[in-house]
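Just so you know, all these numbers are worked out from the coordinates, no wet-lab data involved. Every value quoted in this text rests on a predicted model; they were computed, and no experiment measured them. Glycine also receives a Cβ, built like all others from the backbone with ideal geometry; neighbour counts cover every protein chain displayed.
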Amino acid sequence: MKSFEHFINGEYRPSVSGKTMDVINPSTGKKYATVSAGDEQDVNLAVTAAKAASPAWMLTPLAKKQTILQKIADLITERLDEFSEAESLDTGKPISLARELDIPRAASNFSFFGAAATQWSSESHVMPSQAFNFTLRDALGVVGCISPWNLPLYLFTWKIAPALAAGNTVVGKPSELTPATAAMLGKICNEAGLPPGVLNIIHGTGPEAGEAIVKHEDIKAISFTGSTAVGKRIAVLCAEQLKKVSLELGGKNPIIIFGDCDYQNMLQTTIRSAFSNQGQICLCGSRIFVEANLYDKFLSDFIFRTKRLKIGDPMDPDTDIGSLISEAHMNKVMSYIDLAQQEGGKIATGGNQVKLKGELGEGYFVEPTIITGLEQDCRTNKEEIFGPVVSIIPFETEDEVVAMANDTNYGLASVIWTNHLARAHRVSSNLQSGIVWVNCWMLRDLRTPFGGVKQSGLGREGGWEAMRFFTEAKNITVAYPHNE
Ligand code: NAD
C-alpha cells in the first residue's frame, strides 16, 4: 500500500505525531494509500525550513529561477502518464481529463510563471523638476498555499508557481482527499534543482494542518482556493494578523443561450461546461438559461447528448463521467437532487446513483442529471451543488435573463452564447461575474485576471495579478539635485 509523506526541506518525512489518514479511491470506495496527517508541529518544521531558504531564493537570479521552474514543468510533462494515473486514481476523474487538462496545465503553470519571473517589471513615476519615484516589488518571504480536491495538481501549482517566481518560499497544503500528485511534486522539485526548503508540502486536514498554516505568524500571505465557508473562516483568521489573503471560492455559474447562437458549437461545449469532471469544476455552469424560442429543441438535444455520456471506470480512456470525490459529497449531491424535486423540479434525465460492476460497485458514481421546471428563486438554483446536476430555465428577454443570472450570492464565471455582437457586449458588462466567456468555455489565457465577485472570492489570480499578490510594493522617492 502506498504512503504519502510531508515534503519538508527537500526530504520526505512522516508527521511528528506519527499519525496518518486513509486515502480512498473514490471509484471503488476502498482505501488505497495512507497519508501523513500533519498538524502544527509539522507546519512549524516546514516554516523553519522555508524561512531558512528564503534569503538565498530571493537573491537567486531571475534566469536561474526560470530555468528551475521550467525544468519542473518539463519533468511533469515527461511523466504525464504517471501523473495522470495518480490524479485519476485519487479523484475518480476520467484519465482522459487528467491527461488533457489537469497535468498539462500544471506543467504550464510552472513554465508560464518561470517566464513571468524574467518579464516582471515595476513602475517609475516622474515629478518634473522635483523628483522621480521608483517602486520595488519585494517578495513577501514565506507564503501559504492551500488548495482543493477537484483539480488537485492544477490548482496547487497555479498558486505555488507564481509564489516561487516572485521570490517567495512556500508552505503548501493540498486537499487531504487528494494528496497523491502533490506528494509526487516534491521529488520532481529536487530533481529540477529547487533548493531544499523553497517548497514544503504539508498534508492533513483543514482544521489541523490548514489552520496551522493560516495562523503561523511567519507566513506572510495565504492564497486559498476552496469553499466559501472555509474562505470566510480563513479571512477572519488572516484579519487577526492583517495578513494578505487571496480567496478563490464557490460559484453558481449561469450559461445563457440565445436563439441566434452557433447551435452545434454551443451544444457540444455546453455538455462539457455542465458535466466535465462530473460537474466538479468551479467554472462549470449549473444554471442553463435558454431563450424560449430555442428551449424545446435545446432540451431534447441536450438530454440526448447527456444520455450518451459514458459513465465508467476512470482509468478507461473512453470514460466521460467518473466518480464523485467522496461518499459524503455524493450524498450531498443526491440530497440536492431530492431537494430539487421537493421544490417542484422534474428530472429530465439522470437523478440516480450508479452501481457499476465488479470492484467499481462501491464507487461514488452519479448519473449526469438535468432538472427542469424550477423557478430561479429556489435553493437548488441558488446554492452550490458542485456535481453533475444542472437546472434548465427558459427566458424571454435579455433584461429578464440578466436579472436571473445575477440572482445569486456568487459571481465567478458566466457563459453567453449569441452571435449578436452588441448583445454579447451588453450582457457581458451587466453580469456580476469575475469571468465571462462569450461563445466558448474554459478558454484560458494565463495572463488574464482570474477570480470571482460577491461570495465567489476576494482578489485575483493569474498573470501580473498573481505576481502583485505575492509581492509587496515599496515606493522610493529620490529628489532631483536642487539647482540654484
Ligand atoms: P474546502 O474549502 O473544504 O477545502 C479546501 C482546502 O482548504 C483543503 O485543502 C482543506 O483541507 C482546506 N481547509 C479546510 N478547512 C480549513 C481551515 N479551517 N483552515 C485552513 N484550511 C482549511 O473545499 P473543497 O471541498 O476541497 O473544494 C470544493 C470547493 O472549492 C467548492 O466550493 C468549489 O467551488 C471551490 N473551488 C473554487 C475554485 C475557484 O477558483 N474559485 C476552484 C476550485 C474549487
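Things to note:
- Taking amide H as placed 1.01 Å from N in the peptide plane, the amide H of residue 393 sits under 5 Å from that of 288, 289, 290, each at least 5 places away or on another chain.
- Taking label positions 7 Å along the Cα-Cβ direction at both residue 241 and residue 2, the computed distance is 3.1 nm, reported to one decimal.
- Per-residue [θ]222 nm for the chain (sum of -39500 (n - 2.57) over DSSP H runs n ≥ 4, rounded to 500): -12000 deg cm²/dmol
- Helix runs (DSSP H) in the chain reaching 15 Å along axis by Cα, Kyte-Doolittle at least -1.0: 40-59, 62-78, 80-91, 103-119, 152-165, 180-192, 228-240, 263-275, 292-308, 327-342
- Antiparallel content of DSSP bridges confined to the stretch 228-380, in %, to 5: 45 percent
- Spin-label proximity, residue 362 to the stretch 16-42 - amide N less than 18 Å from point 7 Å beyond Cα toward beta carbon: 21-35
- The alpha-carbon atoms of the stretch 1-77 define a convex hull whose volume equals 122 cubic angstrom per residue.
- Computing FRET efficiency as 1/(1 + (r/R0)^6) for residue 31 and residue 129, where r is the C-beta to C-beta distance and R0 is 60 Å, gives about 0.25.
- Above-threshold pairs, the threshold being 24 Å between Cα atoms, out of 187/232; 232/454; 30/355: 187/232
- Shown here is the pair-distance distribution of the stretch 182-245: with all Cα-Cα distances grouped in 10 Å bins from zero up to the longest one, the shares run 19, 44, 29, 9 percent.
- With a cut-off of 15 Å on the backbone N, the residues of the stretch 122-154 near the modelled label site 7 Å out from residue 479 along Cα-Cβ are 127-133.
- Here each label is just a point 7 Å from Cα along the line to Cβ, and for residue 332 and residue 78 those points are 3.9 nm apart.
- For the stretch 416-484, the calculated P(r), taken from all Cα-Cα distances in 10 Å bins from zero up to the bin holding the longest distance, is 16, 32, 24, 12, 9, 6, 1 percent.
- Largest-first ellipsoid semi-axes for the chain, taking √(5λ) over the Cα gyration tensor eigenvalues, angstrom: 39, 30, 19
- Note on the stretch 1-51 and the stretch 388-440: Cα centroid distance 42 Å, given to the nearest whole angstrom.
- Beta bridges per DSSP, both residues in the chain: antiparallel share near 40 percent.
- For the stretch 253-438, the spherically averaged projection of the C-alpha convex hull amounts to 10.0 nm².
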